[in-house]
Amino acid sequence: MLKNPLPKDALLSRENRLLSVLSFLLGINALLFIAPHTASLTLLRFTRDNLSFYAGFAFLGILLIGTLFYYNRPSSWRALLRKLLLATFPAWFFLTYGLMESKNFHYLFQIAQSAYMMLFGFLVVALSLPHPRTPDDSPRSSDSIRGWFRRQGTTAILLVCIGTFIFFSFGLIGLTTFAAVDEPLWYNNRIAKYWKNIAEHDWKGTSISDKPGITLAWATGPGLWFKTPKEYKSIRYEGEIYSANQDSIESFYLAFRLPLLLVITLSLPLFYFFIERLLGRTPALFSYAFLSTSPVLIGISKIINPDALLWIFAPLSILSYLLFLNKRFFRYLILSGVFLGLALLTKYVANIVLVFFIGLIFLEYLYHRPEKEPFSAFFKRSFAELGVLLYAALAVFYILFPAVWIKPMKLLTATIYSQAFEKVTPLLLMFLALILIDHSANRGRITSAATAFLDRFKRPLTIGIASLFLVSLIATLMITWKNMHPYDFSELLASPKTIEGRSDFIGVFLTNFYPLLFGIPPMTLFLLLITPFMLLKRPFSSDSSRRTTLYLIAFMLLYYLGATVNSVAMITRYQIILFPIAALLAGITLARLLRTSKIRLPLLPSSTPFIITACILLVGGFTLSATPFPLSYASSLLPKTYHTNVKDMGSGSYEAAQYLNTLPNAEQLLIWTDKDGVCKFFVGRCKRGRNYQALRQDGLDYIVISSDRKNRTTKMMSSEITLQKPGLIRFDQYYTKPSPDFELDINDRPSQYVRVYRFQE
C-alpha cells in the first residue's frame, strides 16, 4: 500500500492544468490585442483600449512566473525555461502574426518577439551541450581571475601594461592632425543616423551601411555627446570645399577618434589572455610585444572606419575557437561566437572566419582527433559545436542590429550571403549538403573514406601548406627586390577592385602578400620566414604551438586565396586582420627558437623571456618614434622607390595645409588639391573640381598634389586631353614638376609624397 498516493503526480498534473489555462488566456489576450490593427481579424475587434490588454499581459505574466517557481523549487533552469517558452508560445505566435501584418505596435513587442526567439535558441543550445560539471569543464581555483593573475607574475603583467601603454600613447600622437578619405561617410552621416534612429525607435533606419559598421557606430557614438557633425560637414559648391566650423576641426576629430582608440586599447589585453591560455606565458608575451608595437595596427586604430575594429574581433574569435579545441571549455566556444558576431557587425568579410572554422573540422580530425573516434561521430559532434558557435554569433548580430528585427533576411544578406561571398557561398553550401547527405543516407562512408585517404598523406599535406606559404613569401620578396618584375605590385594595388584582367592568378595572389610583408617590422618578417620550418620537424606532433601555427598559416592562405578568387587586390586596410596573425606567428616562432636553442642569460636564466619581451617593446618604441605616419609604415627592407599604403588615408594633408596657412593673406588664397583632407585644415578657399574657367576667373594660387592620387588624376586628365576640353589646366604635369614650394615625403619615402606648387600657366 502506498503511503503517499498523490503528491508528486497530482502536483504535476495540477501545475500542467494551471499552466495550460494561463497559456490559453495569454494567447486570447494577444489575439484580441492584435485584432484592431490586423485587417484579417476584423471580426475579433473587441476594443481599441490597449491599456486593458497591457494590464492583461502583466497580470497573466506574473501569475505564470509565480506558478513556475512555486511548483519547481528547486529545479533546473533548463526545465523552467522550457516550460516558460511552451506556455508563452500561443501569445508569441499571435504577436508575431500581428507584427507581420501591421506596424502600429509599440517597439517593445518587437523586442519581446526577438527575446523569445533568442531564448528558444539558447534553450536548444543548452540542451545540446554536455552538463557543465563534466571532468573536462570543471571549475578550478587556478582558472579564477585572481588565480590567473597570480600565475602570470608581476613582471609579465607589468610588460603587458607597458605594451598597452605604448599602443595607446602612440595612438594619441597625431590623432587629430589628418583627414582620412572615407571618414566623412561615417561621422557626417552613418554614425549620427544610427543613433538618431535608435532614439526614434526607427529600427529599419539602423541599417546605415552594407559593411554594416554597427560596432563602429557604438564605439564612436560618445562623440555625439560633444560635437554635432552638421557643424563640421564639408560643403561642396561648384567643386569648392570648405568646412562650416573649421576653427575647431581638431577637437571634432578628437571627440570621435578618441573613444574608438580607447575601445581598441582596452580590448588589446584580451590577445594576451587568449594566447597565454592557449600556448603559455612566453609565446603570449612575445606575441603581445609584436602586436602592441605594430605601426600599421596603431595607424588603423586612429581612423573612423570598420577596419579599425575588425582586426580586434576577427582574430579574437579565431583564438577563442582554437582555445576551445584545445581546452574543451564551452565558454570559449561561446566567446568565439560572440566575437564572430561582433566581427560580422563590423564588416561582412568576417564571414571568412566561419569558412575557416568549417575547414578546421577536417584539419582537427587529421591532426588532433580522439583516438579511434570514427569520422562520422567526430563530424557530428564538431558540426553541433559549430552550430552553437554560429548561433551565438547570429544572436549577437540580431540583438545589436535592430534593422534585422524588422527584416530577418538581413541575417543572411549581411552574413553568409553578403557580396564578399557571392561566388563562394553556393559552393560551400553544396559541399556541406553533400556531407550531410552522406552521413544521413550513407552512414558517412564516402567522407570517412576520404578522410582516411587524407590521413595517409598527413605529412605531405603539412609540407604542402608550409611550402606554399614559404614560397609565396620568398617569391614576393624577390619580385620586389628585382624591381617588380614580372609583377608590379604597386601598380596592381593602385586599383585594388579592378585587378581582374590586369594580371594572372599567381600575380594577384602574390600581390596580396606585398602590403603585409613590408608592412611589418623586419624582425617580425624574419621570424615569419622561419615559421614554416617549424612544421617540417619529423614526426609531426600535435602540441598546441605547432598545431596553432599550422592552422594560422592555413587561415592566411585561405584569406589570400579567397581574395584572389574574387579578383581583389588586398591593400593594407583590406587585410588588416592578418597583421595580428603575423605578430602571433612571430611570437610562437621566437618562443620555440628560445626553447629549442636553450639560450639563457648567464646571470638571469629565468628572466630571459621577460628581457627579450622588454627588448622587443624597446625596439618597437624606437620604430614608432621614427614613423610619424604609422598606417603608411614600410619596413627598411622595402626599397625607397616603393611604399605599402597605396590608398591615401590622409597622411600629409595637415602638414600641407599648415604650410599654406603660414603664407601671407592665406584666408584669401585659392588652392586646387587632389586630397580632400587638405581642405579640412586650410583657412582659405579649396577646390577639387575641374571647372578650369572658374579656377582662372577666381584666381587660382596654389596646387596641392599627392602620390596616392596620381593615377586617379592622370586617368581623368587623359580623357579630357583626348576630348580637347577648352581651357585645360594640366594638373597631371605637376606630378613630375621639379622644385615644389613645399614637399613632404611620407615616412621619408620619396615614392609617397605631398607637394605644393604655385600655380603657373
Of the residues in region 444-465, those that are aromatic (F, W, Y) and part of a loop (DSSP other than H, G, I, E, B) come to F457
Pairing a residue in region 346-359 that is in contact (Cβ under 8 Å) with a residue 60 or more places away in the chain with any residue that is assigned to a helix (DSSP H, G or I) and among the acidic types (D, E), where Cβ atoms lie under 9 Å and the two sit 6 or more apart in sequence or on different chains, gives T346/D307; K347/D307
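Taking K193, is it of a type in the set (D, E, K, R) and at pLDDT below 90? Lay out the reasoning, then the answer.
Numbers: of a type in the set (D, E, K, R): yes; at pLDDT below 90: no.
For K193, the condition - of a type in the set (D, E, K, R) and at pLDDT below 90 - is not met.
Do we find a residue being part of a helix (DSSP H, G or I) and polar (S, T, N, Q) anywhere in region 679-698? Spell out how you get there, then give the answer.
Our first condition is that a residue be part of a helix (DSSP H, G or I); within region 679-698, this holds for 679-681, 692-698.
Next cut, polar (S, T, N, Q) only: 693, 697.
For region 679-698, residues part of a helix (DSSP H, G or I) and polar (S, T, N, Q): present.
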R696 vs. criteria touching a residue at least 24 places away in the same chain (Cβ under 8 Å) and within 20 Å of F178 (Cα to Cα): no
(1) closer than 29 Å to N188 by Cα; (2) among the hydrophobic types (A, V, I, L, M, F, W, C); (3) in contact (Cβ under 8 Å) with a residue 60 or more places away in the chain all hold for I703 apart from (3)
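Mind checking whether some residue in region 94-102 is surrounded by 16 or more Cβ atoms within 10 Å (Cβ to Cβ), modelled with pLDDT of 75 or more, in contact with a Gly (Cβ under 8 Å, 6 or more places away or on another chain) and not in a helix (DSSP H, G or I)?
The first filter runs over region 94-102 and keeps only residues surrounded by 16 or more Cβ atoms within 10 Å (Cβ to Cβ), leaving 94-99.
Within this subset, residues satisfying the condition of being modelled with pLDDT of 75 or more are 94-99.
Still in the list and also in contact with a Gly (Cβ under 8 Å, 6 or more places away or on another chain): 94.
Of the ones still in play, those that are also not in a helix (DSSP H, G or I) are none.
No, there is no match, as no residue in region 94-102 is surrounded by 16 or more Cβ atoms within 10 Å (Cβ to Cβ), modelled with pLDDT of 75 or more, in contact with a Gly (Cβ under 8 Å, 6 or more places away or on another chain) and not in a helix (DSSP H, G or I).
Go through region 198-222 and give me each residue that's part of a helix (DSSP H, G or I) and either touching a strand residue (DSSP E or B) at 6+ places or on another chain (Cβ under 7 Å) or touching a residue at least 60 places away in the same chain (Cβ under 8 Å) (or both). Walk me through how you get there before you give the answer.
Of all residues in region 198-222, those part of a helix (DSSP H, G or I) come to 198-199, 203-206, 214-222.
Across region 198-222, the qualifying residues are I198, W203, K204, G205, T206, I214, T215, L216, W218, A219, T220.
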If you go through G684, G699, the only one that is in contact with a strand residue (DSSP E or B) (Cβ under 7 Å, 6 or more places away or on another chain), surrounded by fewer than 18 Cβ atoms within 10 Å (Cβ to Cβ), more than 29 Å from S490 (Cα to Cα) and not acidic (D, E) is G699
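Go through L319, L285, L325 for me and flag whichever is under 24 Å from L158 (Cβ atoms) and assigned by TED's automatic domain parsing to the domain that holds A393. Before the answer, list the steps.
Values: L285 fails: assigned by TED's automatic domain parsing to the domain that holds A393; L325 fails: under 24 Å from L158 (Cβ atoms).
Answer to the selection: L319.
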* Asked: Just wondering, is there one or more residues in region 285-292 that are assigned to a loop (DSSP other than H, G, I, E, B) and modelled with pLDDT of 95 or more?
  -> no
- Query: Within region 336-349, is even one residue surrounded by fewer than 24 Cβ atoms within 10 Å (Cβ to Cβ) and among the charged types (D, E, K, R)?
  - Reply: no
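Being closer than 23 Å to C161 by Cβ and at pLDDT below 95 is the filter here; which residues of region 309-328 pass it? Lay out the reasoning, then the answer.
Going residue by residue through region 309-328, those that are closer than 23 Å to C161 by Cβ are 309, 311-313, 315-316, 319-320, 323.
If the condition is that a residue be closer than 23 Å to C161 by Cβ and at pLDDT below 95, then L323 is the only one that fits.
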All-but-one check, E667 against (1) within 30 Å of S248 (Cβ to Cβ); (2) under 38 Å from the mean Cα position of the chain (by Cα); (3) part of a helix (DSSP H, G or I); (4) not hydrophobic (A, V, I, L, M, F, W, C), failing number (2)
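Residues that are within 29 Å of P460 (Cβ to Cβ), buried (at least 21 other Cβ atoms within 10 Å of the Cβ), out of contact with any Asp or Glu (no Cβ under 9 Å at 6 or more places or on another chain) and polar (S, T, N, Q): does region 538-547 have at least one? Outline the logic, then answer.
Step one: list which residues in region 538-547 are within 29 Å of P460 (Cβ to Cβ), which gives 538-547.
Keeping just the survivors that are buried (at least 21 other Cβ atoms within 10 Å of the Cβ) gives 547.
Among the residues that remain, those that are also out of contact with any Asp or Glu (no Cβ under 9 Å at 6 or more places or on another chain) are: none.
No, region 538-547 has no match at all.
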Inset, instruction - Examine region 20-42 for a residue that is free of Cβ contacts under 8 Å to residues at least 12 places away in the same chain, assigned to a helix (DSSP H, G or I) and within 30 Å of F401 (Cβ to Cβ), and state whether such a residue exists. - result: no
Pairing a residue in region 637-662 that is not assigned by TED's automatic domain parsing to the domain that holds T673 with any residue that is surrounded by 23 or more Cβ atoms within 10 Å (Cβ to Cβ) and among the acidic types (D, E), where Cβ atoms lie under 6 Å and the two sit 6 or more apart in sequence or on different chains, gives D648/D708
L266 passes all but one of the listed conditions (1) modelled with pLDDT of 85 or more; (2) buried (at least 16 other Cβ atoms within 10 Å of the Cβ); the exception is number (2)
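Can V704 be described as in contact with a Leu (Cβ under 8 Å, 6 or more places away or on another chain), outside any loop (DSSP other than H, G, I, E, B) and at negative phi? Full working, then the answer.
Details: in contact with a Leu (Cβ under 8 Å, 6 or more places away or on another chain): yes; outside any loop (DSSP other than H, G, I, E, B): yes; at negative phi: yes.
So V704 fits the description; yes.
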Those residues of region 130-176 which are at pLDDT below 90 and part of a loop (DSSP other than H, G, I, E, B) amount to P130, H131, P132, R133, T134, S138, P139, R140, S144, G153
Subset of region 376-422, residues surrounded by 16 or more Cβ atoms within 10 Å (Cβ to Cβ), modelled with pLDDT under 85 and charged (D, E, K, R), comes to K410
Tell me whether region 216-236 contains one or more residues that are polar (S, T, N, Q), out of contact with any helix residue (DSSP H, G or I) (no Cβ under 6 Å at 6 or more places or on another chain), surrounded by 15 or more Cβ atoms within 10 Å (Cβ to Cβ) and within 27 Å of V678 (Cβ to Cβ).
yes
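On the given criteria, is L617 surrounded by fewer than 19 Cβ atoms within 10 Å (Cβ to Cβ), modelled with pLDDT of 90 or more, under 30 Å from L477 (Cα atoms) and within 38 Å of the chain's Cα centre (by Cα)?
Values: surrounded by fewer than 19 Cβ atoms within 10 Å (Cβ to Cβ): no; modelled with pLDDT of 90 or more: yes; under 30 Å from L477 (Cα atoms): yes; within 38 Å of the chain's Cα centre (by Cα): yes.
Here the answer is no, as L617 does not meet what is asked.
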Okay, helices (runs of 4 or more DSSP H) sitting entirely in region 478-566 with 1 or more residues that are modelled with pLDDT of 90 or more and under 25 Å from F274 (Cβ atoms), I get 505-517, 522-530, 544-565
Log entry, pairs with first residue in region 153-179 being within 20 Å of G280 (Cβ to Cβ) and outside the structural domain of F681 (by TED's automatic domain parsing), second being polar (S, T, N, Q) and part of a loop (DSSP other than H, G, I, E, B), beta carbons closer than 9 Å, six or more apart or on different chains, reads G163/T293
Next item on the list: Evaluate the following for I588: is it farther than 23 Å from F505 by Cβ, out of contact with any Phe, Trp or Tyr (no Cβ under 6 Å at 6 or more places or on another chain), aliphatic (A, V, I, L, M) and in contact (Cβ under 8 Å) with a residue 60 or more places away in the chain?
Entry: yes
Say whether the condition of being farther than 21 Å from K715 by Cα, in contact with a Phe, Trp or Tyr (Cβ under 8 Å, 6 or more places away or on another chain) and outside the structural domain of S251 (by TED's automatic domain parsing) is met by at least one residue in region 692-699. no
*Might you check whether a residue that is modelled with pLDDT of 85 or more and assigned to a strand (DSSP E or B) occurs anywhere in region 226-249?*
no
In region 727-749, anything out of contact with any helix residue (DSSP H, G or I) (no Cβ under 7 Å at 6 or more places or on another chain), crowded, with 19+ Cβ neighbours inside 10 Å and assigned to a helix (DSSP H, G or I) is listed as Y734
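The values are calculated or read from the model by the stated rules, or taken from the named source; none is laboratory data. All values reported here derive from a predicted model rather than from experimental measurement. With ideal geometry, Cβ positions are generated from the backbone for all residues, glycine too; neighbour counts draw on all protein chains shown.
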